[in-house]
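The block underneath contains the structure these notes are about, expressed in structure tokens.
The values are calculated or read from the model by the stated rules, or taken from the named source; none is laboratory data. Everything numeric in this text was worked out from a predicted model, so none of it was measured. Virtual Cβ from ideal backbone geometry, glycine too; neighbours counted across all protein chains shown.
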Amino acid sequence: MGLGALYIGATGLKTHGSGMQNIGNNLANVNTLGFKNTDIHFSTLISQTMTTASNPLTTGFSQAGQGVGVGAVLTDFRNGGFMAGSATTDLAISGKGFFRVEQDGVIRYTRAGNFRFDKNGFLVDPNGFRVQGKAVTDGVAGSTGDIRLPLDENGEITVPPVATTDVMMGMNVGTMIDATTSTGNPFFALFEAWNGATADGQPLGAGTYGYENTIRVYDSQGNAQDLTVYLDKASVSNAGGKSYYEFVVGTAPQADGRAGIAGTSAAGRIMTGTLTFSSTGELEGVSAFTYSGSGDPSDLANWTPAALSESGAPSFSMTFAGTPPGTADIGLSFGLTGSGWTSAVASAADIGHDKTLLPTMAGATAGSFATTGRAGSSVTVYQTQDGNPMGWLMNLGVDAAGTMIGYFTNGVKQELAQIPLYTFVNEWGLRREGSNHFSATGASGEGVEGVAGTVNYGTIAQSTLEGSNVDMAEEFTKMIITERGFQANSKVITTQDQILQVLYQLKK
């Protein structure tokens, strides 16, 4: 008699003790990165059916409860609060998903994104597990594996030099006089005046041209080279309202590494040509000539129409002095591009005074920053080039989609890796493994890889950490309720014990 009450009270003590243990664990991890609060749910134990005078057809079965037990301990996967991290590789997930980490074939999942690169360039968590992701090469992501910085043989992270292939110059060629003239070749007076063998290294003296503009380009070795465009007015009779300007593209004579040209008076001279403007100052024609590679480089007969680059700009091939020499194939656009030359003269020497023989571009198209020939000052409005020297990694960034981007000293921005997220059909089936890790089970299913920011996946924030989602106020409330429940069940046992003592006294 009364032993059932003792048993029931014991189940209450045990279950509420487990509840207090759960509360204590939540509070112990109130400052644990990525920790997910757990809720304990109680459930009744099987009841005992009793024989009574009640009619079960009208009142139902008569059952006596047998106590309480732990029904489930479920994880609350809601986001914790965000806090500032101390490194770019401190990552937080806003929304659904887990990072995947791996060590010696053991796969774990985590929300704690306090990652760092180790001495071998692997991105790891504090437990030495390597973060999983995809290396990106030339903008293409590879297969999933350890995320590692691309260290070279010197243990450095670099991007190779890229030779310049396209140069764009948008200028206004303003009012100027014809500073240098030629009796036989008015469109190539600057060409004839060029002297790359002067003692001062200046191939065109001051006052021999109306305007100059210099841009820095890069050869195949990553060496910086200066290209200068010299412009001068070309006096043409019967111009019909149009205006003509000759130009020479050159570099410092001592930087010229072309065989047969270096050290001569032609050193540094790379391209020559003309710009033709309409009466309203719009660029409507460009001609360009480059050295054919044979014969006297000072003879216009050996300068033929320039090839056009893939973008439709006049281009030239150049070898710059150095050990080893640097090369570059550069298309130079003044804002007008085309698909070919409509008038194909054999060489620049064939033009003479006849402006109608100047090559013009087929299908010419003017760009947004096309050079103009309006009255006023000469000025460079816009210029750009696409080359760069070798660069060293300066900084890292991770965007909301998990793309790790390297910022290099040469201004290059390059994708290095893609950090995916993983979701589960039943994330409540994950097993806690300690060290802020979870592992997949048969109940959770395998992790499904996806890109952060897409459907069903959260976004990633750099230099940010996710804190615990434990609500201290709520836990203290639960603590009071649990403590009272424990006390009440202990009272059941002590009261039943007193009843048993009375029975024992009756026996005596």
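For the range 431-500, give me every one of the strands (runs of 3 or more DSSP E) that falls completely inside it and has 1 or more residues that are free of Cβ contacts under 8 Å to residues at least 24 places away in the same chain.
Where strands (runs of 3 or more DSSP E) fall fully within the range 431-500 and carry at least 1 residues being free of Cβ contacts under 8 Å to residues at least 24 places away in the same chain, they are 431-434.
Counting only residues that are out of contact with any Gly (no Cβ under 8 Å at 6 or more places or on another chain) and of a type in the set (Gly, Ala, Ser), which one in the range 129-141 is surrounded by the fewest Cβ atoms within 10 Å (Cβ to Cβ)? Write out each step before concluding.
Looking only at the range 129-141, we keep the residues that are out of contact with any Gly (no Cβ under 8 Å at 6 or more places or on another chain), and these are 129-131, 137-141.
Next, only the ones that are of a type in the set (Gly, Ala, Ser) stay: 139, 141.
Working: 139: 7, 141: 16.
My answer is 139.
Looking at (1) in contact with a Ser or Thr (Cβ under 7 Å, 6 or more places away or on another chain); (2) not in a strand (DSSP E or B); (3) not assigned by TED's automatic domain parsing to the domain that holds residue 104, find the lone condition where residue 170 falls short.
It fails just one condition, (2).
For the range 348-357, check the following and say yes or no: at least one residue is among the charged types (D, E, K, R), touching a residue at least 60 places away in the same chain (Cβ under 8 Å) and either out of contact with any Lys or Arg (no Cβ under 6 Å at 6 or more places or on another chain) or surrounded by 17 or more Cβ atoms within 10 Å (Cβ to Cβ) (or both).
Looking for residues that are among the charged types (D, E, K, R), touching a residue at least 60 places away in the same chain (Cβ under 8 Å) and either out of contact with any Lys or Arg (no Cβ under 6 Å at 6 or more places or on another chain) or surrounded by 17 or more Cβ atoms within 10 Å (Cβ to Cβ) (or both), one finds at least one in the range 348-357, hence yes.
Part of a strand (DSSP E or B) and either in contact (Cβ under 8 Å) with a residue 12 or more places away in the chain or among the basic types (Lys, Arg) (or both): does that describe residue 128?
On the way: part of a strand (DSSP E or B): no; either in contact (Cβ under 8 Å) with a residue 12 or more places away in the chain or among the basic types (Lys, Arg) (or both): yes.
Answer is no for this residue.
Out of 175, 183, report the one residue that is free of Cβ contacts under 8 Å to residues at least 24 places away in the same chain, farther than 27 Å from residue 320 by Cα, part of a loop (DSSP other than H, G, I, E, B) and not assigned by TED's automatic domain parsing to the domain that holds residue 411.
183
Matching residues to (1) within 27 Å of residue 383 (Cβ to Cβ); (2) not acidic (Asp, Glu):
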{"site": "250", "(1), (2)": "yes, yes"}
{"site": "253", "(1), (2)": "yes, yes"}
{"site": "269", "(1), (2)": "yes, yes"}
{"site": "274", "(1), (2)": "yes, yes"}
{"site": "278", "(1), (2)": "yes, yes"}
{"site": "284", "(1), (2)": "yes, no"}
{"site": "294", "(1), (2)": "no, yes"}
{"site": "300", "(1), (2)": "no, yes"}
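All but one of (1) modelled with pLDDT of 95 or more; (2) within 30 Å of residue 250 (Cβ to Cβ); (3) assigned to a loop (DSSP other than H, G, I, E, B) hold for residue 382; which doesn't?
If we test residue 382 against (1) modelled with pLDDT of 95 or more; (2) within 30 Å of residue 250 (Cβ to Cβ); (3) assigned to a loop (DSSP other than H, G, I, E, B), just (3) comes out false.
With more than 23 Å from residue 199 (Cβ to Cβ), polar (S, T, N, Q) and surrounded by fewer than 16 Cβ atoms within 10 Å (Cβ to Cβ) as the only criterion, which of 292, 309 stands out?
Checking each option against the conditions leaves just 292.
Consider the range 385-410. How many of its residues are part of a strand (DSSP E or B), surrounded by 16 or more Cβ atoms within 10 Å (Cβ to Cβ) and of a type outside the set (Gly, Ala, Ser)?
Matching residues across the range 385-410 total 9.
From the residues in the range 193-215 that are surrounded by 16 or more Cβ atoms within 10 Å (Cβ to Cβ) and without any contact (Cβ under 8 Å) to a residue 40 or more places away in the chain, which one is nearest to residue 332 (Cα to Cα)?
Here the residue is 212.
Tally time: how many residues in the range 256-273 are over 15 Å from residue 202 (Cα atoms) and touching a Pro at 6+ places or on another chain (Cβ under 8 Å)?
5
Do you know which residues across the range 80-128 are crowded, with 20+ Cβ neighbours inside 10 Å and of a type in the set (Asp, Glu)?
Correct list: 90, 125.
Across the range 363-411, what is the number of residues that are more than 23 Å from residue 334 (Cβ to Cβ), touching a strand residue (DSSP E or B) at 6+ places or on another chain (Cβ under 6 Å) and small (Gly, Ala, Ser)?
Residues meeting the conditions: 5.
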